Amino acid sequence: MEKYKILSNKKIKYALEAIGEFGQNCLIVVDKNNNLQGTLSDGDLRSALLNKKNLDDSIKTIYQKNPTFLIKNNFDKKEAEKILIKKNVDLIPIITKNRKVIDVIYWSKIFGKNKNINFDIPTLIMAGGRGTRLKPFTNILPKPLIPLNDKTVIEHIIDNFVISGIKNFYISINKNSHQIMKSYLNQKKNKYKIKFIEEKIPLGTAGCIKYLKKNKKDFFVANCDVIFDINFHNLYKFHKKNKYDFTVVGSYEENLLSYGVCKLKKNGLLKTIEEKPTFSYLANCGLYLMSPRIFQVMPKKINHSLDMNELISLALKKKFRIGTYIISQNSWHDVGQWKEYKSTLNRF
């Protein structure tokens, strides 16, 4: 239970890492004496960051101060079940009469690991690239089939979608890899369906989306070299609740410079030197959720190359509602370059 608790004076950055690492959507906020202060959900964190809160800000102003809780020996299992369903919460702290946190009831312990029901959201995995950053492996194997311990990269990607109940996949492939990809994936005894989209010419990072234009539902689009450890159903609910046409998944990343940075006055004289500063930025993780409205801005030519940044620019010009779903650094693993690939091996 300790890993699901967080001190009320911790930073937003720490809370994001804790939620990403331990796989729960909510943390119990306590003081230094283990007294219940509140609860902090991933939604609370996401709203705070979208409202310009900083990663180094305290969680004190963003956690829920009046949480649902149960008092030791004053409830039974059926009562707990009703509260979980009625309040739609992921956990309920169990406290003593003087508010000491002694236990917690998780949704997963009562109703099973997967809180979500199956939802039929088509998912496009863009695997038509040439994988030049992973040569010489990709001289022999398509990038999505590179092994990551006991499974290929694309199997890790698909399996994480399947856990959330997604079973219908489209995979874009290029003419040089389609036979290998098809043969490998078709021989697997899968509990999901795959349709292949063959790119006769390179279509960029978004051009293959046009092949889903007959689809009338919202759909996911994912890169083939990024593995996500998130709840896709929560992402979908966020997208629908905010009535977005297009949702981009992003993560706050930090870079520590190994040298000092000179800051100048307007006249060019030195003002100060900041030693080894840390820069934070919101990175595009390569996962998107789109509504069928996106086809209104896509080029009509079927073999027209289009990159994702171009598609987003077209959507912005048409005043589409585009949102950002923020995840922690630990919730995504980029395996598209050798350095990241090697560091990810230890996590799977």
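The values are calculated or read from the model by the stated rules, or taken from the named source; none is laboratory data. Note that the structure is predicted; figures quoted are calculated from it, not measured. Glycine also receives a Cβ, built like all others from the backbone with ideal geometry; neighbour counts cover every protein chain displayed. Ligands, DNA and RNA are stripped out before the accessible areas are found, and what is left, the full protein with its side chains, is counted by its heavy atoms. Shrake-Rupley method; radii C 1.70, N 1.55, O 1.52, S 1.80 Å.
Numbers for the structure displayed
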{"read-out": "Residue tally, condition part of a helix (DSSP H, G or I) and among the hydrophobic types (A, V, I, L, M, F, W, C), over segment 201-236", "value": "5"}
{"read-out": "Residue that is surrounded by the fewest Cβ atoms within 10 Å (Cβ to Cβ), among those in segment 237-254 that are assigned to a strand (DSSP E or B) and of a type in the set (Ser, Thr, Tyr)", "value": "Tyr252"}
{"read-out": "Top-ranked residue of segment 32-63 - restricted to ones that are of a type in the set (Ser, Thr, Tyr) and assigned to a strand (DSSP E or B), ranked as nearest to Ile230 (Cα to Cα)", "value": "Ser41"}
{"read-out": "Given (1) within 23 Å of the chain's Cα centre (by Cα); (2) open to solvent by 60 Å² or more (accessible area, probe 1.4 Å); (3) free of Cβ contacts under 8 Å to residues at least 12 places away in the same chain, index of the condition Lys319 fails", "value": "(1)"}
{"read-out": "Lone unmet requirement of (1) open to solvent by less than 70 Å² (accessible area, probe 1.4 Å); (2) farther than 18 Å from Asn160 by Cα; (3) in a helix (DSSP H, G or I) for Ile197", "value": "(3)"}
{"read-out": "Candidates Lys300, Lys217 - the one that is modelled with pLDDT under 95, charged (D, E, K, R) and farther than 21 Å from Phe169 by Cβ", "value": "Lys300"}
{"read-out": "Single residue of segment 43-90 satisfying the filter (acidic (Asp, Glu) and at pLDDT 85 or above) that is least open to solvent (accessible area, probe 1.4 Å)", "value": "Asp44"}
{"read-out": "Phe295, sole failed condition from (1) outside any strand (DSSP E or B); (2) under 29 Å from His156 (Cβ atoms); (3) among the hydrophobic types (A, V, I, L, M, F, W, C)", "value": "(2)"}
{"read-out": "Segment 278-298, residues that are open to solvent by 10 Å² or more (accessible area, probe 1.4 Å) and in contact with a Gly (Cβ under 8 Å, 6 or more places away or on another chain)", "value": "Leu282, Ala283, Asn284"}
